[in-house]
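Working notes, structure below.
The values are calculated or read from the model by the stated rules, or taken from the named source; none is laboratory data. Computed from a predicted model, the values in this text were never measured in an experiment. Reconstructed Cβ throughout: ideal geometry from the backbone, glycine too, with neighbour counts over all protein chains shown.
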Amino acid sequence: MILGHAGQSHLFRKRLPFLIAALALLVVATIARVGADFIPPARNSHLVYAALIWLLAASVWLVALGPKLSLSDDE
């Protein structure tokens, strides 16, 4: 939806590899976060891994979409 607001709705028609990568990273982060509750001795490390993976997913999203979101209507 953010692509439509940024005037990039033509990107809806094709597969976006960065979005698939970000989604895969978020799934891995979710698994790490949930796994933390089932492995008490490694809970803190799982939470740290989940947070770092989430940040990596957000960075992938931002690096890929950031330039597209900052374009003016004239470009």
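Specify the residue that is modelled with the highest pLDDT; the eligible residues are those in the stretch 1-55 that are among the aromatic types (Phe, Trp, Tyr) and surrounded by fewer than 15 Cβ atoms within 10 Å (Cβ to Cβ). Ranking the qualifying residues of the stretch 1-55, first place goes to Phe38. Given the criteria surrounded by 13 or more Cβ atoms within 10 Å (Cβ to Cβ) and either in contact (Cβ under 8 Å) with a residue 60 or more places away in the chain or touching a Ser or Thr at 6+ places or on another chain (Cβ under 8 Å) (or both), does Ala58 qualify? Spelling it out, it is not the case that Ala58 is surrounded by 13 or more Cβ atoms within 10 Å (Cβ to Cβ) and either in contact (Cβ under 8 Å) with a residue 60 or more places away in the chain or touching a Ser or Thr at 6+ places or on another chain (Cβ under 8 Å) (or both).
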